[in-house]
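The next block holds one structure in the form of structure tokens; read it before the comments.
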Amino acid sequence: MDPSSPAPSTQPPPPSFTTQPPPPSTTQPPPPPSQMSVTGSQIVPPGGTGAGAAGLTPSPSLAPTASQEFVIAGPRRTFGKASVAGKPRKKITPKALIGEIGSEVFSVRFSPDGALVAAGCSDGGVRLYNTETGRLSYHLNVGLVNGLPMTCLRFRPHQPGKQNRNVLLTANANGAVQHWHVFSGKNIHTVQEDDGQQVYAVDYNREGTQFASCGRDYAVRVYDEATKTCVVKMAGGPNHYPPGHSNRVFAVKFHPGSPQLLASGGWDNTIQIWDLRAAIPVRSIYGPHICGDSLDIANDTILTGSWTPRNQLQLWDFGTGNLIDNVPFQSGVITERCYLYAAQFSKRGNGDMIVAGGSGANECRVIDTQSKQVLGNVTGLLKGVYGVDFSQDDSKLAVGGAECSLRLYNITDQ
């Protein structure tokens with residue numbers, strides 16, 4: 001952490017991307033990236049902890065009972081089911097718990113067809129699992145010594161006329177932005193950013209013709225997908241002119257309908273909205289403290305998840321920068337606050353659902369965007385949630401974090 005611009009002193013900092021663990025703390029800091037060797041993966045039924053479950057394979061026992069709506073392994077269980085006026089009631093059921101990954105999961109992402117889910121891990125590897133069986137299908141960059149975390153993942157949108165559909169873009173805390181061909185496991189291309197840079201987030205525009213990165217050096221870079229060259233680097237100037245970020249940037253997101261606009265957020269408690277044509281922010285939003293993949297856009301609504309004890313989940317108007325609403329996140333069961341690392345809109349429609357999770361209370365929650373009703377809770381986790389994602393058709397949900405496991409859920413109307 002930069003001494004000149006520390007994170008809030010009243011709470012532990014976001015996950016460290018160094019190989020050394022932070023000093024012990026009584027305020028339950030997020031655990032450092034594990035330097036564990038890969039021991040393989042296993043599937044344990046919902047409600048299992050993984051102990052004594054080595055060698056289990058997917059079986060009919062993984063199917064949840066009728067009474068299980070949103071249940072997670074751990075000392076506490078919460079069953080969530082809610083009806084929303086004028087909308088079908090959502091049923092969220094456990095699909096599989098993939099345990100013993102061997103590394104903390106910093107980022108999760110479904111493939112465009114929903115057949116695979118990728119986990120970016122703290123050992124620098126990416127593990128891809130079959131969403132129907134829970135089995136490990138592919139692994140990328142696994143087996144490194146002292147590897148730094150894969151901090152963010154994005155599948156390249158399908159481009160008409162392009163044959164390589166299974167291309168995965170990864171960000172690494174060693175400063176690398178890499179393209180991988182999933183089926184062959186080959187590293188197609190690597191962009192090594194400036195010396196000392198740590199890359200925390202990446203994103204594609206809707207067409208897949210450009211991708212953006214951000215990280216430790218407060219700047220946002222945009223690259224041409226075809227040539228892999230940087231076409232614009234956007235950063236604040238001396239004496240805050242032009243404006244920009246003044247601390248590390250942990251999230252970046254292209255506007256889904258305007259590819260020349262993107263938003264970024266980080267430790268400086270701002271969301272910067274950039275115009276690529278001018279290479280400067282056209283608007284700034286003050287307040288959100290972004291510490292992970294917790295920035296999303298649906299139509300002209302921005303979703304932010306903050307690593308703060310209050311107003312963690314907020315909706316903002318993209319056009320004006322005004323606050324639309326605070327989405328309640330305080331649990332009636334768990335009194336401890338949840339500090340958010342991850343927040344995403346659902347993919348279909350207008351972002352009808354929100355999923356968000358974090359540390360502190362160590363929980364994840366699915367919320368109806370319009371009514372703010374909770375559709376399901378994941379509680380009883382022993383460690384924090386770092387990554388969440390909906391599949392493209394909103395039929396699946398993935399949750400990963402510091403427990404070195406990946407949880408999959410089915411989402412259906414009822």
Return yes or no: is Gly196 among the small types (Gly, Ala, Ser), touching a residue at least 24 places away in the same chain (Cβ under 8 Å) and in a loop (DSSP other than H, G, I, E, B)? no
Those residues of segment 120-179 which are free of Cβ contacts under 8 Å to residues at least 40 places away in the same chain, part of a strand (DSSP E or B), closer than 20 Å to Ser213 by Cβ and among the small types (Gly, Ala, Ser), in sequence order: Ala176
Give the residues of segment 321-340 that are of a type outside the set (A, V, I, L, M, F, W, C) and touching a residue at least 24 places away in the same chain (Cβ under 8 Å), sorted by residue number. Gly321, Asp325, Pro328, Ser331, Glu336, Arg337, Tyr339
Can you name the residue in segment 185-201 that is within 22 Å of Gly265 (Cβ to Cβ) and over 22 Å from the mean Cα position of the chain (by Cα) and is also surrounded by the fewest Cβ atoms within 10 Å (Cβ to Cβ) among such residues? Gly196
Tally the residues that are assigned to a loop (DSSP other than H, G, I, E, B), of a type outside the set (Gly, Ala, Ser) and either surrounded by fewer than 22 Cβ atoms within 10 Å (Cβ to Cβ) or more than 17 Å from the chain's Cα centre (by Cα) (or both), restricting the search to segment 345-380. 9
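Readers should treat all values here as calculations from the given coordinates under stated rules, not as data from a laboratory. Treat the numbers as computed from the prediction; the structure is a model and nothing was measured. Cβ: placed from backbone, ideal geometry, glycine included. Neighbour counts: every protein chain shown.
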